[in-house]
1. Kindly provide the set of residues from segment A:1-45 that are part of a loop (DSSP other than H, G, I, E, B) and closer than 23 Å to B:Ser167 by Cα, ordered by number.
2. So which of A:Val63, A:Val96 ends up being more than 8 Å from chain B (Cβ to nearest Cβ), surrounded by 13 or more Cβ atoms within 10 Å (Cβ to Cβ), at pLDDT below 95 and in a loop (DSSP other than H, G, I, E, B)?
3. Would you please name the residue that is modelled with the highest pLDDT, looking only at residues in segment A:177-195 that are under 18 Å from A:Lys253 (Cβ atoms) and out of contact with any Phe, Trp or Tyr (no Cβ under 9 Å at 6 or more places or on another chain)?
4. Looking only at segment B:49-82, which residues are surrounded by fewer than 17 Cβ atoms within 10 Å (Cβ to Cβ) and farther than 20 Å from B:Phe29 by Cα?
5. Could you grab the pairs with beta carbons closer than 8 Å, sequence gap of 6+ or different chains, first residue in segment B:16-31 and closer than 14 Å to B:Ala66 by Cβ, second one of a type in the set (Asp, Glu)?
6. Return the total of residues in segment B:21-43 being within 9 Å of another protein chain (Cβ to nearest Cβ) and either modelled with pLDDT under 90 or outside any helix (DSSP H, G or I) (or both).
7. Name the residues in segment B:129-147 that are buried (at least 20 other Cβ atoms within 10 Å of the Cβ) and closer than 24 Å to B:Val118 by Cβ, would you?
8. Restricting attention to segment B:52-72, and to residues there that are assigned to a helix (DSSP H, G or I) and among the small types (Gly, Ala, Ser), which single residue is nearest to B:Ile150 (Cα to Cα)?
Amino acid sequence: MSREYFDDETLMAFADGELDAATSSRIEKALEEDETLAERVAGFSNSRMAVASAMKPLIGEPVPAALMASVRRMAEEAERGAKVTHKSGHPHDNVVPLRSRQLRPTRAPHPPWLMPAAASILAAVAGIGGFLLGRGLTPDPAFDATIAAALDRQPSGRDVPLGSSAETLHIVSSFQDGKGGLCREYELRRRQENTVTVACRQGETWVPRLALTVPRTEDYVPASAQETIDAYLASIQAGAPLSAEQEQRLLPKRDD
Amino acid sequence: MSWQTGGMTNEASTVPQRLVAFLPNLRRFAISLCHSRELADDLVQAACERAILAADSFVPDTRFDAWMFRILRNLWIDHLRRVRTAGPQEDLDAARDVAIPSGETASHARMELLEVSVALQSLPHEQREVLVLVCVEELSYRDTAEVLSIPIGTVMSRLARARKNLSELTGISMGQKRSSDTKGGVA
């Protein structure tokens, strides 16, 4: 009688208890007289056990206190926040109120030990929206003359319709970076997504420093995008938003 | 039937609360993936942040662990992509902080375990992640497929390959007895 052949996947599923009953009993039968088959199955059980006993004990390691504290704090804030939004009747308000937001250059967005985490947070943003971080080296193709012209003269808080149908430019604020350079934060609003950009004046042009594209539909991206922006602003020592008068004085072309 | 809404407030089951309780698991998973405690903690932190913000997208009555693993794993993939395209591979060198369960005395058993954990890190990450999800976190093939967004058949073929590779690398798992009638397998 000829032996039935079982492939590796099937034997592995058998060893893992993932195989259907019918095939399992065929294997059990075959195991009685096929030593090689038994060894192959044992190989899969052993590898599973080896990995399990190497890695499972890691769960006994105490979670670092700083990480624990930080997650607890986030959790508590979220719980409080959830209650508030439910009361106010906007449980799914997914738009970060950029307009009303105050820049907080003096407040570090994360405790110092967490700063390496910034990279991961950036990755979080990258995973969902597009993420572009440049230091003036990579010009954003979307950053065209129309926008530059608007940044030259339009006051903050104004919506500027752009030539192409569904796009609107919303200039959020102006501020000066640590070196006194003029920077502006603005949003390009499209039907599906928003791009939030921080651009600074360099010579005769505006150079985008940070651009985050986030889908409009997702609940969670805008807040973490906001964190990224806050972290970035803190890193360039952004000052408080300029008042309308200060802004008018500093803009390259006055709107009159 | 709406689980989430209405007056039903199940104190123990909100995403933020479950998250805190799940931290040791999540951290273990992160360490298994990236082999560095420092990086793992950053990943855990970022994953928690994202999970809290995305809490609404968690479907009650589905596996919370699978949902969290998926979030963390996606962050890890993003990280790998970034490292790959970002030139100098400092992160990879920093990642040599080997994942050894601490607090044990050197023993034969420990030597063997160390080998396994090193071998695990030398596998391609696609193989490592299925291995960890199934063998350490004990997810079913189906749940693993969900976490990784791949077909279950792919989970199985990767997992089988990963285990064969691991067995070869460690030499410990191919069964107690060696039969003489095999077709001259590579040592």
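1. Our first condition is that a residue be part of a loop (DSSP other than H, G, I, E, B); within segment A:1-45, this holds for A:1-7, A:16-20, A:34.
Across segment A:1-45, the qualifying residues are A:Tyr5, A:Phe6, A:Asp7, A:Asp16, A:Gly17, A:Glu18, A:Leu19, A:Asp34.
2. Working: A:Val63 fails: more than 8 Å from chain B (Cβ to nearest Cβ).
Going through A:Val63, A:Val96 in turn, the sole match is A:Val96.
3. First, the residues of segment A:177-195 that are under 18 Å from A:Lys253 (Cβ atoms): A:181-184, A:186.
Narrowing the set further to residues that are out of contact with any Phe, Trp or Tyr (no Cβ under 9 Å at 6 or more places or on another chain) leaves A:181, A:186.
Values: A:Gly181: 89, A:Tyr186: 85.
Per the criteria, the residue is A:Gly181.
4. B:Asp56, B:Ser57, B:Val59, B:Pro60, B:Asp61, B:Arg82
5. Final answer for the pair search is B:Phe22/B:Asp65; B:Asn25/B:Asp65; B:Asn25/B:Glu137; B:Phe29/B:Glu137.
6. Counting residues in segment B:21-43 that are within 9 Å of another protein chain (Cβ to nearest Cβ) and either modelled with pLDDT under 90 or outside any helix (DSSP H, G or I) (or both) gives 0.
7. Hits for segment B:129-147 are B:Glu129, B:Val130, B:Leu131, B:Val132, B:Leu133, B:Val134, B:Cys135, B:Val136, B:Glu137, B:Leu139, B:Thr144.
8. Our first condition is that a residue be assigned to a helix (DSSP H, G or I); within segment B:52-72, this holds for B:52-53, B:55-57, B:64-72.
In the following step, the residues that additionally are among the small types (Gly, Ala, Ser) were identified as B:55, B:57, B:66.
On the way: B:Ala55: 23, B:Ser57: 20, B:Ala66: 14 Å.
In this case the residue turns out to be B:Ala66.
The values are calculated or read from the model by the stated rules, or taken from the named source; none is laboratory data. Quantities reported herein were computed from a predicted structural model and do not represent experimental measurements. As a convention, Cβ positions derive from the backbone with ideal geometry for all residues, glycine included, and neighbour counts pool all protein chains shown.
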